[in-house]
Amino acid sequence: MKLLLVDDEIYILDMLKALIDWEATDLQLVGTATEGSAAFDSITTLRPDIVITDIRLPGFDGIELIKRVRLQNNDAHFIIISGFRQFEYAQNAIKYGVTDYLLKPIKRTELNEALQKLIRLISEERQKTILLKEQDKIILSSKNHLQASLLQHIIEKKELPSNLDVLNSKYLTGFKTGSFRLICCKIDRFSNTEPISEDSFFETIRTKIKENLTVVVVDYCHTVICLPIKSYVVFLLNYDHDQYAAIHSSIAMTGKNLFAYIKKFEGISLTIAIGKEVLNSADLSSSWDDVTAILQQRILTGCNTLLSTSCKEDKYPDIKNALSPYESRLLKKSIESFDLNALQTQIMDIFTNAGLSEIKSAKYYFKICYELADLFWNTLISIHIAEDLNRKQKDQELYELLDNCVSLRQLETTFTKYLLNEFKHYYDPAHPPENIAVLIAKKYIARHYNEHISLKDIANQVFLNPVYFSICFKRDTGLNFVDYINEYRIEKSKELLKNLQESIASIAEMVGFQNARYFSKVFKKYVGISPAEYRRKHVSISL
């Protein structure tokens, strides 16, 4: 720790230097002063931890010195030395934070004990400061985490408390009765629909957006919460309604600066969307729906612009079906018959017709994409091609792709490419449609072998004539339809026969045979021994 000595008598300064146990206290002498103003300058410049000063000094005295230091919010610790006659005067210095005082003549033991006591005090204070800072960091981190989770819950449409006190307690917010509004900044990359990465470059852009917009709206709001997430920077504002004009003006002005900043980077664009105002925190999810619908309009208006509710096309708010029944039937037929060319042509025609219609809402074009995808997956599932499909994952993949489109042309191209690639995943053009029909039949048998299955049922599933389907099946599998099902069922029964808890009659029913005697007959035909003999043989081998 650093020490400054102050006394108008040189021999006192020398005596103090001689009395202090420098090794034991581990103090560093940073300077000396002989009058008040010089001492003040040294304290300001050298920032000592401890100052030992006489009460009587030329210029201004020790009390005035301490007062001036305290006015600077300097936390230096003082030890006063004085003669016996200034004892009461020295006591008055205690109110200015003087830690200790010593009477002349100064004794070595008293001086070093006072210093050791003060050093311990300073160390304890510093440790407390460190702990408080750590606690503040933890509290701030928890607060930031909870407030970020609030925005995440809004985006995920989770139910929020309508009572502000409950909401504030749950998320450590400071909301007050008034208005709420979401602001959403979307960063896009031209000619690239991959999601924005989390690298330092985009983190820099997100941070700049967050800092620039926060600073211009915070004075007009009760609370401002911000969440940078992927290609978004989302703000939640809580304010008095009469402050909105100033908030909008500030966002518009700052937005122009941000657009100019973004244009410096090739292939990067920014769109700022202002959602609708809501008066209840429980309605914030509807504000998120509104702000995302506004952002979709950028495929028609272009990027690097500020969009608000007035920019959102609500002329056709109740579009129930973007695809006509006729279009849906044609698409379904192309998917069922695995006609890739027909599917591609139909998608192009749908977008062309949409462009010629009177509906000029971005929501309409996005709805076309989602309805097409829904029809595609439902059709594949209905013909048992994609029964194990994770729809939630597929929907999220498509959402992220379309969410990063910045023009109508890019939306159409991206969606068509996505759907055709998914189509090719289930259909190899090198194989004719009848091979696909056999594949569908195999998958159906694997899932329904324990039920009644007929050739006619399967042929209907794959939209082929039963006789023609039977020929295709025999050609591709080397077995006729009945033999294939029987072999599949017998293989399943072999595993079940290893379980001695199940009767042979029960196992027969489990694999699709309604008659145990017929099951035994078929089993012996394909395996060479009866189910009972197979079980005994298996048990003896196990033993």
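Is it the case, given these coordinates, that Thr254 is under 20 Å from Arg206 (Cβ atoms), buried (at least 19 other Cβ atoms within 10 Å of the Cβ) and assigned by TED's automatic domain parsing to the domain that holds Phe202?
Values: under 20 Å from Arg206 (Cβ atoms): yes; buried (at least 19 other Cβ atoms within 10 Å of the Cβ): yes; assigned by TED's automatic domain parsing to the domain that holds Phe202: yes.
Considered against the rule, which asks whether it is under 20 Å from Arg206 (Cβ atoms), buried (at least 19 other Cβ atoms within 10 Å of the Cβ) and assigned by TED's automatic domain parsing to the domain that holds Phe202, Thr254 comes out as yes.
So which residues in region 433-481 are within 27 Å of Asn515 (Cβ to Cβ), β-branched (Val, Ile, Thr) and in contact (Cβ under 8 Å) with a residue 24 or more places away in the chain, if there are any at all?
Within region 433-481, Ile445, Ile453, Thr477 qualify.
Out of everything in region 135-170 that is small (Gly, Ala, Ser) and under 18 Å from Leu227 (Cα atoms), what residue ends up being surrounded by the most Cβ atoms within 10 Å (Cβ to Cβ)?
As a first pass, look at region 135-170 and keep what is small (Gly, Ala, Ser): 141-142, 148-149, 162, 169.
From what's left, under 18 Å from Leu227 (Cα atoms): 141-142, 148-149.
Details: Ser141: 10, Ser142: 11, Ala148: 17, Ser149: 15.
Applying the filter and picking the extreme gives Ala148.
Taking region 200-216 only, how many residues are free of Cβ contacts under 8 Å to residues at least 60 places away in the same chain, more than 23 Å from His153 (Cα to Cα) and touching a Phe, Trp or Tyr at 6+ places or on another chain (Cβ under 9 Å)?
Total satisfying the criteria: 3.
Restricting to region 93-131, and then to whatever is acidic (Asp, Glu) and in a helix (DSSP H, G or I), can you tell me which residue is nearest to Leu71 (Cα to Cα)?
First, pick out the residues of region 93-131 that are acidic (Asp, Glu): 100, 110, 113, 124-125.
Keeping just the survivors that are in a helix (DSSP H, G or I) gives 110, 113, 124-125.
Values: Glu110: 30, Glu113: 29, Glu124: 24, Glu125: 20 Å.
For region 93-131, the residue satisfying everything is Glu125.
Working only within region 108-150, note down all residues that are in contact with a helix residue (DSSP H, G or I) (Cβ under 8 Å, 6 or more places away or on another chain) and free of Cβ contacts under 8 Å to residues at least 40 places away in the same chain. Reasoning before the result, please.
Restricting attention to region 108-150, the residues satisfying the condition of being in contact with a helix residue (DSSP H, G or I) (Cβ under 8 Å, 6 or more places away or on another chain) are 108, 111-112, 115-116, 119, 146-147, 149-150.
Of everything in region 108-150, those that are in contact with a helix residue (DSSP H, G or I) (Cβ under 8 Å, 6 or more places away or on another chain) and free of Cβ contacts under 8 Å to residues at least 40 places away in the same chain turn out to be Leu146, Ser149.
Filter region 485-508 for residues that are in contact (Cβ under 8 Å) with a residue 40 or more places away in the chain and not β-branched (Val, Ile, Thr); which is surrounded by the fewest Cβ atoms within 10 Å (Cβ to Cβ)? Step through it out loud before you land on a result.
As a first pass, look at region 485-508 and keep what is in contact (Cβ under 8 Å) with a residue 40 or more places away in the chain: 485-486, 488-489, 492, 494, 497-498.
Subsequent filtering for residues that are not β-branched (Val, Ile, Thr) retains 486, 488-489, 492, 494, 497-498.
Values: Asn486: 21, Tyr488: 18, Arg489: 22, Lys492: 17, Lys494: 17, Leu497: 20, Lys498: 12.
Here the residue is Lys498.
Among the residues of region 482-513, how many are farther than 20 Å from Lys443 by Cα and hydrophobic (A, V, I, L, M, F, W, C)?
Count: 7.
Taking helices (runs of 4 or more DSSP H) that do not extend beyond region 326-411, which have at least 2 residues that are small (Gly, Ala, Ser)? Explain how you work it out, then say what you get.
Numbers: elements: 340-356, 362-382, 391-403.
Because the criterion is at least 2 residues that are small (Gly, Ala, Ser), the helices (runs of 4 or more DSSP H) in region 326-411 that meet it are 340-356, 362-382.
Of all residues in region 27-54, which are among the acidic types (Asp, Glu) and either touching a residue at least 60 places away in the same chain (Cβ under 8 Å) or crowded, with 19+ Cβ neighbours inside 10 Å (or both)?
Of region 27-54, the ones among the acidic types (Asp, Glu) are 35, 41, 49, 54.
Selection gives Asp49, Asp54.
I'm checking my understanding of the structure. Among residues of region 174-194 that are outside any strand (DSSP E or B) and more than 19 Å from Val291 (Cβ to Cβ), which one is modelled with the lowest pLDDT? Steps first, please.
The first filter runs over region 174-194 and keeps only residues outside any strand (DSSP E or B), leaving 174-178, 190-194.
If we keep only those that are more than 19 Å from Val291 (Cβ to Cβ) as well, we get 174, 176-177, 190-194.
Numbers: Gly174: 89, Lys176: 93, Thr177: 93, Phe190: 73, Ser191: 56, Asn192: 56, Thr193: 51, Glu194: 55.
Within region 174-194, the match that is modelled with the lowest pLDDT is Thr193.
Residues that are within 23 Å of Glu400 (Cβ to Cβ) and free of Cβ contacts under 8 Å to residues at least 60 places away in the same chain, at least 1 per element: which strands (runs of 3 or more DSSP E) completely within region 226-317 meet that? Break it down stepwise before answering.
On the way: elements: 232-239, 268-274, 305-307.
Answer list for region 226-317: 232-239, 305-307.
Failed condition for Ile294, given (1) within 26 Å of the chain's Cα centre (by Cα); (2) of a type in the set (A, V, I, L, M, F, W, C); (3) modelled with pLDDT of 95 or more, with all others met?
(3)
The values are calculated or read from the model by the stated rules, or taken from the named source; none is laboratory data. Everything quoted here is computed from the prediction, not taken from an experiment. Here Cβ is always computed from backbone atoms with ideal geometry, including for glycine, and neighbour counts include all displayed protein chains.
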